[in-house]
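Asker: Quick one: the structure is below, questions incoming.
The values are calculated or read from the model by the stated rules, or taken from the named source; none is laboratory data. Quick caveat: nothing in here was measured; it's all calculated off a predicted structure. So basically every Cβ, Gly included, is an ideal-geometry build from the backbone, and we count neighbours across all protein chains shown. For accessibility, only protein heavy atoms count, side chains too; no ligands or nucleic acids. Shrake-Rupley method; radii C 1.70, N 1.55, O 1.52, S 1.80 Å.
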Amino acid sequence: MHMKDDELRQKISEEISKTEKFVEEYRDMTRPVAPDVSIGRISRMDAINNKSVAEAALREAEQKLNQLKQALEKVGSTEFGVCRRCKNPIPIGRILARPQSVYCVHCAR
Ligand SMILES: [Zn+2]
């Protein structure tokens, strides 16, 4: 099942917009926690914990966004979506989930 380049570009673009939304949400969550007494000590600790989780998620999402953009530029080139080891096509689902992968599921094991 080979997808056309246009379809691939569309899928990747959709994933890029989704990931951009995540990046924005995580950025909101990683704003400095104000020393606001009204939220209470426990919720403040929660907020700080959530903040470090959100920071990790933000870094991951930003990285994925870059990789998706790189993948988008490679659509149409011979190296796009082809496993570097066995030369079989890498399914689009895998490319969207892990745009940095250069191996198919079997070879990545
Ligand atoms: Zn392979």
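Asker: Return one number: the angle in degrees, 0 to 90 and rounded to the nearest 10, between the long axis of the Cα atoms of helix 41-74 and the longest principal axis of the Cα atoms of the chain.
Answerer: 20
Asker: Pairing the Cα long axis of helix 5-29 with the longest principal axis of the chain, what angle in degrees results, from 0 to 90 and rounded to the nearest 10?
Answerer: Compared with the principal axis, the helix lies near 10 degrees.
Asker: With springs only between Cα atoms under 10 Å apart, run a GNM on the chain and tell me which of 48, 16, 90 wobbles the most.
Answerer: 48
Asker: Right, something else. Relative contact order for the chain: what is it in percent, counting Cα pairs under 8 Å that are at least 6 residues apart? Before the final figure, lay out the partial values.
Answerer: On the way: 91 pairs, mean separation 30.6, N = 109.
Relative contact order for the chain comes out at 28 percent.
Asker: Over the chain, with every protein chain in place, what whole percent of the accessible area is carbon and sulfur at 1.4 Å, could you tell me? Let's see the in-between values first.
Answerer: Values: 4050 of 7930 Å².
Using a 1.4 Å probe with all protein chains present, the chain comes out at 51 percent carbon and sulfur.
Asker: Pick from 19, 78, 30: which is most flexible by mean-square fluctuation in a GNM of the chain where alpha carbon atoms under 10 Å apart are linked?
Answerer: 78
Asker: Once all Cα-Cα distances of the chain are split into 5 Å bins that start at 0, what whole-number percent is in each one?
Answerer: With a bin width of 5 Å, the distribution comes to 2, 12, 19, 16, 13, 10, 8, 7, 5, 4, 3, 1.
Asker: Next question. Work out the charge dipole of the chain with +1 on the Cβ of Lys and Arg and -1 on the Cβ of Asp and Glu about the Cα centre, then indicate which of 56, 103, 13 is farthest towards its positive end.
Answerer: Value: 103.
Asker: Here's a follow-up. What residues qualify as long-range amide H neighbours of residue 82, i.e. H under 5 Å apart, gap of 5 or more or another chain, H built at 1.01 Å from N?
Answerer: 90
Asker: Also, quick follow-up: Accessible area per residue of the chain at 1.4 Å probe, in Å²? Before the final figure, lay out the partial values.
Answerer: Numbers: 7930 Å² over 109 residues.
Normalised by residue count, the accessible surface of the chain is 73 Å².
Asker: Size of the dipole of the chain about the Cα centre, Lys and Arg at +1 and Asp and Glu at -1 on the beta carbon, nothing else charged, in debye to 20? Walk me through the intermediate numbers first.
Answerer: Details: 20 positive and 16 negative charges, 102 e Å.
That gives the chain a dipole magnitude of about 480 debye.
Asker: Let me see the P(r) profile for the stretch 58-109: every Cα-Cα distance counted, bins of 5 Å, each bin given as a percent of all pairs.
Answerer: P(r) over the stretch 58-109, rounded to whole percents: 4, 22, 31, 23, 14, 5, 1.
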